[in-house]
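One structure is given below, encoded as structure tokens.
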Amino acid sequence: MSDDAARRLSETMKRIAAAAKRVGRDPEQVNLIAVSKTFDADAIRPVLAAEHRHFGENRVQEAQRKWPDLKAEYPDLTLHLIGPLQSNKAREAVALFDAIHTVDRPKIARALAAEMDKQGRRPQLFIQVNTGEETQKAGVLAADVGELLTLCRDELGLEIAGLMCIPPMDEEPAIHFAFLGKLAGELGLTGLSMGMSGDFETAVELGATHVRVGSAIFGARG
Ligand SMILES: *Cc1c(COP(=O)(O)O)cnc(C)c1O
């Protein structure tokens, strides 16, 4: 099991490099986030031992159980929050995570700004865009990204690294990745958090700077 994760990590990195080369990108520009949600520290250790340092979790509470010890052991690791954030968890999120990919409304932006000032910690921030306009999905609508970005920057003094999306299950992801890339370009943002196990190569071809890959590395979730 554990050797498998390290082997699949290296396989994933090769596929990212090949996808980047196909479009003339430097593979170094793509950050592979190993999404370890539902997997415990024992499953994560082999990936850390393989010198991987970017990890993603989608729940603050689950991450709080696993990561403080691992962070103490590997102080150079980068922990990404990729799941929805409630404003009452902003304190914990700012304390634990080095990047937050799911800023999607003024209330969260304000809560994060207040906590960042209080704690003197400044995680990298991405705005999540609901590119499929799905009612049940988190993320700001594309039409409202500019306004949220202005609020973050001008009123709250937050730096925004880029945009993030999760395409609808039943649609061609490439359309959503291309759209997110275009939107980021129009807003002058360079970070693009997009692509999961099933579609990360497409995302890399369309400019992803951060791909979030879980099952292709850790195996199927139970
Ligand atoms: C779980 C999750 C992933 C990883 O999904 P896989 O299909 O296992 O690669 C990526 N992004 C988000 C937001 C997730 O919640």
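Sorting LYS118, LYS37, LYS107 by solvent-accessible area of protein heavy atoms yields LYS118, LYS107, LYS37, largest first, with a 1.4 Å probe.
What is the local net charge at GLU205, summed over the other residues whose Cβ is closer than 12 Å to its Cβ (Lys, Arg +1; Asp, Glu -1)? Around GLU205, the surrounding residues sum to +2. Close amide-amide hydrogen proximity is noted between ASN31 and HIS210, VAL211, each under 5 Å apart and 5 or more residues distant or on a separate chain (H modeled in the peptide plane; Pro and chain starts excluded). Database remark: amide H of THR78 closer than 5 angstrom to the amide H of HIS54, PHE55 (H placed geometrically; neighbours at sequence offset of 5 or more, or on other chains; Pro and chain starts carry no H).
If a spin label sat at a point 7 angstrom from the Cα of LEU77 along the line to its beta carbon, the backbone N atoms of region 192-211 nearer than 18 Å would be those of 211.
Mind giving me the FRET efficiency for GLU92 and LEU151? R0 is 25 Å, r the Cβ-Cβ distance, nearest 0.05 is fine. Before the final figure, lay out the partial values.
Values: r = 23 Å, r/R0 = 0.91.
Once rounded, the FRET efficiency stands at 0.65.
Using a Gaussian network model of the chain in which every pair of alpha carbons under 10 angstrom is joined by a spring, one finds that among ALA113, ALA174, ALA72 the greatest mean-square fluctuation is at ALA72.
Quick one: in region 63-222, what % of C-alpha pairs are over 27 Å apart? Percent of Cα pairs beyond 27 Å in region 63-222: 23.
Only DSSP H runs of four or more residues enter the estimate; each adds -39500 (n - 2.57), and after division by the residues of the chain the mean residue ellipticity at 222 nm equals -13000 deg cm²/dmol.
Inter-label distance, MET169 to VAL23: 2.6 nm, where each label sits 7 Å from its Cα along the C-beta direction.
Rounded to the nearest whole Hz, the Karplus-based 3J(HN,Hα) values (6.51 cos²θ - 1.76 cosθ + 1.60, θ = phi - 60°) of region 86-95 follow the sequence 9, 5, 6, 10, 4, 4, 5, 5, 5, 5, with x at glycine and proline.
In the context of the full protein assembly, MET116 retains an accessible surface of approximately 10 Å², using a probe radius of 1.4 Å and ignoring ligands and nucleic acids. A DSSP coil position with no more than 10 other Cβ atoms inside 10 Å describes the following GluC sites (Glu not before Pro) in region 14-77: GLU51.
Ranked from the most accessible area to the least, with a 1.4 Å probe and all protein chains present, what is the order of ASP154, ASP144? Display every interim value, and only then the final one.
On the way: ASP154 120, ASP144 70 Å².
Solvent-accessible surface, decreasing: ASP154, ASP144.
Where is the GNM fluctuation largest for the chain (alpha-carbon springs, 10 angstrom cutoff): PHE39, PHE126, PHE177? Fluctuation is largest for PHE39. When only Cα pairs below 8 angstrom with a gap of at least 6 residues are kept, the chain shows a relative contact order of 22 percent.
Charges were assigned to the Cβ only: +1 to each Lys and Arg, -1 to each Asp and Glu. The resulting dipole of the chain about its Cα centre is roughly 360 debye.
Summing +1 for each Lys or Arg and -1 for each Asp or Glu, what net charge is found among the other residues whose Cβ lies under 12 Å from the Cβ of PHE179? Intermediate results must be reported in sequence, preceding the final value.
On the way: positive: LYS182; negative: GLU133, GLU171, GLU172, GLU186.
Every neighbour counted, the sum reads -3.
Among residues other than VAL47 with Cβ under 10 Å from its Cβ, the summed charge is +2 (Lys and Arg +1, Asp and Glu -1). For the chain, the share of accessible area belonging to carbon and sulfur comes to 49 percent (1.4 Å probe, ligands and nucleic acids excluded). Averaging the sequence gap over all C-alpha pairs within less than 8 Å and six or more residues apart, then dividing by the number of residues, gives region 1-131 a relative contact order of 18 percent.
Considering only DSSP states other than H, G, I, E and B, which trypsin sites (Lys or Arg not before Pro) in region 160-222 qualify as loop sites with at most 11 other Cβ atoms within 10 Å?
ARG221
Projecting the Cα atoms of ALA43, ILE100, GLY162 onto the charge dipole of the chain (Cβ charges, centred on the Cα centre) puts ALA43 farthest toward the positive pole. Backbone geometry of region 199-216 corresponds, through the Karplus equation with coefficients 6.51, -1.76 and 1.60 at θ = phi - 60°, to 3J(HN,Hα) couplings of 8, 5, 5, 4, 4, 5, 4, 9, x, 4, 9, 9, 10, 10, 10, x, 4, 5 Hz, x marking Gly and Pro.
When the chain is modelled as a GNM with alpha-carbon springs shorter than 10 Å, which of ASN88, ASN130, ASN58 fluctuates the most? Maximum among the listed residues: ASN88. Solvent exposure of the chain, expressed per residue, is 47 Å² of accessible area, with all protein chains present and a 1.4 angstrom probe.
Using a cutoff of 8 angstrom between alpha carbon atoms and counting only pairs six or more residues apart, the relative contact order for region 172-217 works out to 36 percent. Across region 19-122, the volume of the C-alpha convex hull divided among the residues equals 126 Å³ per residue.
The values are calculated or read from the model by the stated rules, or taken from the named source; none is laboratory data. In this text, all values refer to a predicted model and were calculated from it rather than measured experimentally. Every residue, glycine as well, gets a Cβ built from its backbone with ideal geometry; the counts of neighbours run over all protein chains shown. To get the accessible areas, we keep the full protein, side chains included, count just its heavy atoms, and leave off ligands, DNA and RNA. Shrake-Rupley method; radii C 1.70, N 1.55, O 1.52, S 1.80 Å.
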